1. Relative contact order for the chain: what is it in percent, counting Cα pairs under 8 Å that are at least 6 residues apart?
2. When only C-alpha pairs under 8 Å and at least 6 residues apart count, what is the relative contact order of region 193-327, in percent?
3. For region 13-143, what is one quarter of the convex hull surface built on the Cα atoms, given in nm²?
4. Can you tell me the equivalent ellipsoid semi-axes for region 92-226? Use √(5λ) from the Cα gyration tensor, largest first, whole Å.
5. Sum -39500 (n - 2.57) across every DSSP H segment of at least 4 residues in the chain, then divide by the residue count to get the 222 nm mean residue ellipticity, nearest 500.
6. With the contact rule set at Cα under 8 Å and sequence spacing of 6 or more, what percent relative contact order holds for region 68-307?
7. Based on the Cβ-Cβ distance of residue 410 and residue 34, what FRET efficiency does E = 1/(1 + (r/R0)^6) give at R0 = 30 Å, to the nearest 0.05?
8. Grab the eigenvalues of the alpha-carbon gyration tensor for region 68-307, scale each by 5, take roots, and send me the semi-axes largest first in whole angstrom.
Ligand SMILES: Cc1ncc(COP(=O)(O)O)c(C=O)c1O
């Protein structure tokens, strides 16, 4: 056994005088958890303490797993070997076919890279692509931290709520000019249509103009299309890759349309041609050093999701319709209450602005979006996320509301009953009117939705009573 003499001990401590175990890298000391995951944990804590909470903080598709996927996973469960880095061939072929059917873009399996969720694929893309990154303001919470982790600068593109947060050549060029003036060199633009947090979706003509702008400026588009299948029906989803195939990368996955976020299965579609192939090589190399491959049984089961199957397509269409119903029902309530809010077109988010009550809120000690979210959680048991989490200025009084949990049919029922109730709800979806078209939206009574509508009426009523 080693005997440490006092002399040795002194030598050792002198040698490591300036180091300590578990020392964090300086650049990582201020890192915090993603606000979406943090609010989810805060709500779980509140509920464990017996505090009832209206959870509008976390965007998670909650429909039950489709039986075809369950069966496919059961059949693949013995696949314990590693999958190829880019994903199993049949899955990549299925995804390529899915791109043709859903996006109208021709694509081969060579262009597909599968990973454990689209989130790590987005990060890997930012690691391998050159240049600072244009990011719409507001946009998803993880883009900024991912860009900084990859060593690039975030170049915000200020969008106008009064103009539906459109990405116009003017706002993009303004952002590039400001970036160049400050020494940044933007080469990449993240587009997220349908958008988290606004729930909006770019119109086809705007996507065409956007593609032309990016081509003219030599900008690579990363098009995060994770919500594409959840269009509510009044506006079609159009990918920038339709107009700018040589410079657009699409990402997507199982999390939203197939309600299977926990399966962690995403994909990236790279452009065809030599430059796309070079990007694929770099992306696979990076993936091979970090995650090796997505889980093999999940990959094999996912083949079913992307292979033509009328029943699954119906499931996805119906879940989009229910998300649309719930989101538009709450949207109508907010609009009736005088809250400005972009009209949702897809997914399960609303992005209302409480600026008209700024004067009243000051008297409640609320001057920032963060304080507003905290006030609503503490005083009204409503969990939301403030605009600052989406890159907005701290004093913006916009909040992101997620409506995905409002589809729950009866509160407090066991998971099995809840799944049965959600299947019944999905069965009614085709009879619902297309949300967003004129007229009052009539649909099933959902207790969490009713609670959310009532709670906002009470909140705004209270604010008005103080004015
Ligand atoms: C805009 C956006 N992009 C990407 C993701 C990540 O999806 P995945 O589950 O495929 O990693 C999310 C999930 O919340 C999201 O909202």
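1. Details: 869 pairs, mean separation 97.6, N = 467.
Over the chain, the number comes to 21 percent.
2. Numbers: 170 pairs, mean separation 31.1, N = 135.
Over region 193-327, the number comes to 23 percent.
3. Numbers: hull surface 63.8 nm².
For the Cα atoms of region 13-143, the hull's average projected area reads 16.0 nm².
4. Values: eigenvalues 115, 68, 41 Å².
Taking √(5λ) for each Cα gyration eigenvalue gives 24, 18, 14 Å.
5. On the way: 15 runs with 202 residues, N = 467.
After summing the helix terms and dividing by the residues of the chain, the value is -14000 deg cm²/dmol.
6. On the way: 460 pairs, mean separation 75.1, N = 240.
Averaging sequence separation for qualifying contacts and normalising by length gives 31 percent for region 68-307.
7. Numbers: r = 30 Å, r/R0 = 1.01.
So the FRET efficiency works out to roughly 0.50.
8. On the way: eigenvalues 177, 76, 49 Å².
Listed largest to smallest, the semi-axes of region 68-307 are 30, 19, 16 Å.
Read-outs: derived from the displayed coordinates by stated rules, not from any lab. In this text the structure is predicted, and so the values were computed from the model without any measurement. Glycine gets a Cβ as well: all are built from the backbone with ideal geometry, and neighbour counts include every protein chain shown.
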